[in-house]
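Trainee: Have a look at the structure that comes next, please.
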There are 2 protein chains.
Amino acid sequence: MSPRTAPTASRMSAEDRRQLVLDAATRAFARSGYAGTSTDAVAKEAGVSQPYVVRIFGTKLDLFLEVFTHATGRIAAAFQRVLAERPFDPDDDADWARLGDAYTELLADRDFLLVMMHGFTAGGTAEIGAAARAGMAGIFDVIRSTGCGDERAREFIAQGMLLNVMIAMQAPEHAQESASLTALITCAFGDTLPAVAAASTARQSG
Amino acid sequence: MSPRTAPTASRMSAEDRRQLVLDAATRAFARSGYAGTSTDAVAKEAGVSQPYVVRIFGTKLDLFLEVFTHATGRIAAAFQRVLAERPFDPDDDADWARLGDAYTELLADRDFLLVMMHGFTAGGTAEIGAAARAGMAGIFDVIRSTGCGDERAREFIAQGMLLNVMIAMQAPEHAQESASLTALITCAFGDTLPAVAAASTARQSG
DNA sequence: TTGACAGGTTATCACTTGATTACTTATGGT
DNA sequence: ACCATAAGTAATCAAGTGATAACCTGTCAA
């Protein structure tokens, strides 16, 4: 509810303010999805007036599309960065572990992952559906660019979808709720578990 | 007097009407999720008045929770039915194929899967989050009951999550949009592809 | 100094939404 | 036959929604 950045007394360049609102919108949409987030909620998060949010982005749909494509872009870029570091061998488990680390990095700020999932499930809105399919295809292509083959890429992404779903349902924060849930979390997050736990507690106290 | 309205439609027992509205709500929520679906949309889908929907279920949240738990229950039951048919050998690929067929069955009426995904991503609402975690844990337990081990169960569920996401973003209906998407769909749905295609066309033609 | 423009806000609107209240009318048991 | 009860609806409401219009004001070049 309270803006992460204090309301600036002074003015900003349009570009800076736009970026600030975009970040606020990412946090807001990550929380409650497209339909569940009002432009006023975004405005409050950004510390500006609601009409200004609309004026910057045109419509709420336009704003969400921009937030969503930015989020999927960042996610794809995180993987791409790992692949660019050094040659990737699809048969080397250590290289896949490096990709897993990229995911850990994304976990630190879950908002991109959450926005992505919200966009995926909002496919019933035509424009969002199109953006979702494009975003998914883009990420698929990044993974495939390793030369690992479609099957292996699919497996990697499927694993990611499970993790995203678990995060969306706040499973890490409620790991103790049932033994089954604990087992699933342990098994699904594996090595990345410490990072997940750290992000969870930070989230609950902040 | 005052016959300003058409004669009343036929009445039903409370139990029958309740089930009818529940089914309508499943379709409506499957389309647009929790936040994106009004109680009036549910009422129109069911052919009753909006206040009646509220009166039957108390609040919109209560209604969604009932729809969601019913959906996850049906999904778990579909898998359980396969396991009950005959002994399941986790090391036999044919047995896993039988579980895949259960998923194909679920694809025929995607609404349960879509409602489930909407519930998962609506975990930000406390009650829905709790129900989501319970639903996920329940399905995990059903798969684990085969004795296949946590890892194998996780893989199966992860694959399911990817399929659900693809369906939510209406990928099968737009398979031709890009070569990448086509490849991902082909690879992800595999044997179940014919069933998916059939359901897609049926859906598009009304 | 000034004035024009970019960076904002307040006021407002038409519409939607979830929920409450009060009312109407089939239906079945006696 | 009758009426209590259950099955529904119409009317209404306060709050919230996305969007528009009108207005204000810091900042900077000339």
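Trainee: What's the total number of residues in the stretch B:108-126 that are of a type in the set (A, V, I, L, M, F, W, C) and either surrounded by fewer than 19 Cβ atoms within 10 Å (Cβ to Cβ) or assigned to a loop (DSSP other than H, G, I, E, B) (or both)?
Mentor: 3
Trainee: Any idea how many residues of the stretch A:36-81 are away from DNA strand D (no atom under 15 Å from the Cβ) and of a type in the set (Lys, Arg)?
Mentor: Residues in the stretch A:36-81 being away from DNA strand D (no atom under 15 Å from the Cβ) and of a type in the set (Lys, Arg): 2 in total.
Trainee: Can you confirm whether A:Phe156 is in contact (Cβ under 8 Å) with a residue 12 or more places away in the chain and open to solvent by less than 10 Å² (accessible area, probe 1.4 Å)?
Mentor: It is false that A:Phe156 is in contact (Cβ under 8 Å) with a residue 12 or more places away in the chain and open to solvent by less than 10 Å² (accessible area, probe 1.4 Å).
Trainee: While we're here: Which ones in the stretch B:171-197 are within 13 Å of another protein chain (Cβ to nearest Cβ) and open to solvent by less than 30 Å² (accessible area, probe 1.4 Å)?
Mentor: Across the stretch B:171-197, the qualifying residues are B:Ala171, B:Pro172, B:Ala175, B:Ser180, B:Leu181, B:Ala183, B:Leu184, B:Ile185, B:Cys187, B:Ala188, B:Phe189.
Trainee: Here are A:Gly123, A:Gly149, A:Gly135: which of them is of a type in the set (Gly, Ala, Ser) and without any contact (Cβ under 8 Å) to a residue 12 or more places away in the chain?
Mentor: Exactly one residue qualifies, and that residue is A:Gly123.
Trainee: Please pick out the residue among B:Ala197, B:Ala171 that is in contact with a Lys or Arg (Cβ under 7 Å, 6 or more places away or on another chain), in contact (Cβ under 8 Å) with a residue 12 or more places away in the chain and among the aliphatic types (A, V, I, L, M).
Mentor: B:Ala171
Trainee: Regarding the stretch B:23-33, can at least one residue be identified that is within 21 Å of the chain's Cα centre (by Cα), at pLDDT 95 or above and basic (Lys, Arg)?
Mentor: Yes, some residue in the stretch B:23-33 is within 21 Å of the chain's Cα centre (by Cα), at pLDDT 95 or above and basic (Lys, Arg).
Trainee: Okay, next question. Taking the condition of a type in the set (S, T, N, Q), over 20 Å from B:Thr121 (Cα atoms) and more than 8 Å from chain B (Cβ to nearest Cβ), does A:Ser200 pass?
Mentor: So A:Ser200 does not fit the description; no.
Trainee: Has the stretch B:151-169 got at least one residue that is within 8 Å of chain A (Cβ to nearest Cβ) and part of a loop (DSSP other than H, G, I, E, B)?
Mentor: For the stretch B:151-169, residues within 8 Å of chain A (Cβ to nearest Cβ) and part of a loop (DSSP other than H, G, I, E, B): present.
Trainee: Read through the list (1) at pLDDT below 95; (2) within 12 Å of the chain's Cα centre (by Cα), then give the number of the only condition that B:Arg74 fails.
Mentor: (1)
The values are calculated or read from the model by the stated rules, or taken from the named source; none is laboratory data. Model, not experiment: these values are computed from the prediction. Positions of Cβ are backbone-derived with ideal geometry, glycine not excepted, and every protein chain shown enters the neighbour counts. Heads up: the accessible areas ignore ligands, DNA and RNA and are worked out on the full protein's heavy atoms, side chains in. Shrake-Rupley method; radii C 1.70, N 1.55, O 1.52, S 1.80 Å.
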